[in-house]
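The values are calculated or read from the model by the stated rules, or taken from the named source; none is laboratory data. Everything numeric here is computed off the predicted structure, so don't read it as measured data. Because the Cβ atoms are built from the backbone with ideal geometry, glycine has one as well, and the counts that use them run over all protein chains shown. Protein only, heavy atoms only, side chains kept; ligands, DNA and RNA dropped before computing areas. Shrake-Rupley method; radii C 1.70, N 1.55, O 1.52, S 1.80 Å.
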Amino acid sequence: MPIPTTDPRTDDLGGLPLDAVTDAALSRARELGAVHADVRVERIASRALRLSDGRVQTAHTGEDVGLAVRVVVAAGAHHSTWGFAAGTDVSADAAARLASAAVDVAAVTAPVNTEPVELADEPVHQGTWISSYAVDPLDVPERDQVGLLAELSGRLLRADGVRHADASMLAVKEVKFYADLAGTRTAQRRVRMQAELQAMWIDDESGRFESMRTLAPPAGRGWEWMTGGDGCWDWDREIAELPGLLLEKATAPSVAAGTYDLVIDPSNLWLTIHESIGHATELDRALGYEANYAGTTFATFDRLGNLQYGSPVMHVTGDRTAEHGLATVGWDDDGVAAQTWDLVRDGVLVGYQLDRRMARLQGLGRSNGCAFADAPHHMPLQRMANVSLQPAAGGPSTDELIAGVDDGIYVVGDNSWSIDMQRYNFQFTGQRFYRIRDGHLAGQLRDVAYQANTVDFWNAMDAVGGPQTYLLGGAFNCGKGQPAQVAPVSHGCPTARFRGIRVLNTTAEGHR
């Protein structure tokens, strides 16, 4: 698939004075005593569509352009500390004013800072990078995109048993220029797509309803994700299957609560990875720097190298390099080049996600590149990389994993979830649940949620599937920080099997 090769600096930011902005901001920051300064110029375009029963409910196309300057300054007798300022005027004069304002902010905050801000070393980089996509979704006429979503909705609405159909799409093109005092100059363009269709069944007599949605994950791809071909999603197949699967779910028996062996499809397991491993291995949480929004973590720094996170078949990596990954970049917002590293190897916690400050703070050497700001007016935070469970080379198929279960449940698709503030006790639901009897699927169940603590759950994993079962799932909207920011992130995984997991009946629990 051809990837657009135009230079983001000229094609997307060509009307903006990048050299003049960079020189003005960094020169002023240096004059005012900054030991580190960086400049970001961003242009983020997005389109959101939402249809109900084929009729447009929301249609929005927008663009956010801005300039940010961040500095590290040693103010008087105080520790070195951050300063930050941002605006919408992308000019040399504005850049110089923002650099002065950022230094002023550092002077104000320095007296309350209890430890110095120091950054891990990073080589100087210069270059451009473009994510792997073929068709810019912002170049496709909105009427064509509405037409496709309406046509797919119509197929669902014409099917027996489907009372309503909802459709949504979100497309983003993010262009970012970065420069710092060390000499790094980079520019990158990232494109991503998310689309979803949901069908609803309603029983008029009882008022009971069931819904089911497509399993297509968000992806670092362009409009081709919706039109198919070359590894893209097969929407025709899934839309054709969805009504029948929904009717089967609607008439399925309610699960009997108890303990079951689970075979979990990657369309569900990615979310469990996100909540119980992705957030739990962010070093700022482990050290207590992130607590208010989504909690800290049970995987504290003293457990690095000795926490038996899971079974020996558990190998989890962090990366910012996976093709079509939502967190994949050329360089992060600290100017660090994209990398891949181990978080859990042979079931043992061996690494964390880092930005340059966290890496230096704990003497871990180079950052693995997890700094990200979701908008030009936000300061970068340590954010999640693509965190993925690796498949077993030559490992079993999904059918072979199911064949190894006498009495269990096969879980497909993500849905609601809950986890505590230390990323330890959790429960997850799903889109579809199939009873497994004597190694074979025996029809759907409903009202299922599985519940465990993180360590017990991952230590109960006795087998992971081979590469043929691997899928890259993810989300556009991972939240963190105050003021809150969102970040897109992917999680790849194979199908995996877990022994003896507690299963709840959600309807019975709701009546307790």
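Miscellaneous remarks
- A probe of 1.4 angstrom, applied to the heavy atoms of all protein chains, finds Ile402 with accessible area near 10 square angstrom.
- Across the stretch 238-269, the residues whose backbone nitrogen lies under 15 Å from the label position 7 Å along the beta-carbon direction of Phe209 are 250.
- Peptides 320-330, 448-458 ordered by average Cβ neighbours within 10 Å, highest first: 320-330, 448-458
- Simple point charges give the picture: +1 on the Cβ of Lys and Arg, -1 on the Cβ of Asp and Glu, and for the chain a dipole about the Cα centre of about 500 debye.
- Local electrostatic count, Leu157, Cβ distance below 9 Å [Lys/Arg +1, Asp/Glu -1]: +2
- 0 to 90° range, to nearest 10: angle between helix 142-157 axis and the chain longest Cα axis: 20 degrees
- Placed amide H near His125: partners under 5 Å, 5+ positions off or other chain: Thr184, Arg185
- Selection from Ala280, Ala240, Ile264, by position along the positive dipole direction of the stretch 220-280 (Cβ): Ala280
- Heavy-atom accessible area, probed at 1.4 angstrom with all protein chains present, ranks Phe209, Phe426 as Phe209, Phe426, highest first.
- Extreme residue, positive dipole direction of the chain, given options Ala508, Gln145, His125 (C-beta unit charges): Ala508
- Using alpha-carbon coordinates, inclination of helix 235-250 to the longest axis of the chain, degrees: 50 degrees
- The solvent-accessible area of Leu32, taken with every protein chain present and a 1.4 Å probe, is close to 80 Å².
- Taken over the chain, the ratio of Cα radius of gyration to 2.2 N^0.38 Å equals 1.03.
- Average Cα contact separation per residue, the stretch 197-279, under 8 Å, 6 or more apart, as relative contact order %: 26 percent
- Size descriptor for the stretch 136-275, Kirkwood hydrodynamic radius: 18.0 Å (Cα pairs only, one decimal).
- Based on C-alpha pairs under 8 angstrom that are at least 6 apart in sequence, the stretch 237-315 has a relative contact order of 15 percent.
- Averaged over residues, the count of other Cβ atoms within 10 Å places the peptides 404-414, 221-231 in the sequence 404-414, 221-231, highest first.
- Charge tally for Ser490 (other residues, Cβ to Cβ under 14 Å; Lys, Arg +1; Asp, Glu -1): +2.
- Pairwise alpha-carbon distances in the stretch 184-244 exceed 18 Å for 51% of all pairs.
- Whole-angstrom gap from the stretch 164-229 to the stretch 385-426, using each part's C-alpha centre: 22 Å
- Accessible area of the chain divided out per residue, in Å², using a probe of 1.4 angstrom: 38 Å²
- Interatomic Cα distance distribution for the stretch 121-206, bins of 5 angstrom, percent: 3, 11, 16, 13, 12, 10, 9, 7, 6, 6, 4, 3, 1, 1
- Taking every DSSP bridge with both residues inside the chain, close to 90 percent are antiparallel.
- Normalised size of the stretch 380-512, defined as Cα radius of gyration per 2.2 N^0.38 Å with N residues, equals 1.16.
- With contacts taken as Cα pairs under 8 Å and at least 6 residues apart, the stretch 65-191 reaches a relative contact order of 22 percent.
- List Tyr424, Tyr178, ordered by accessible area with a 1.4 Å probe, largest first: Tyr424, Tyr178
- Packing-based order for 273-280, 24-31, using average beta carbon neighbours within 10 Å, highest first: 273-280, 24-31
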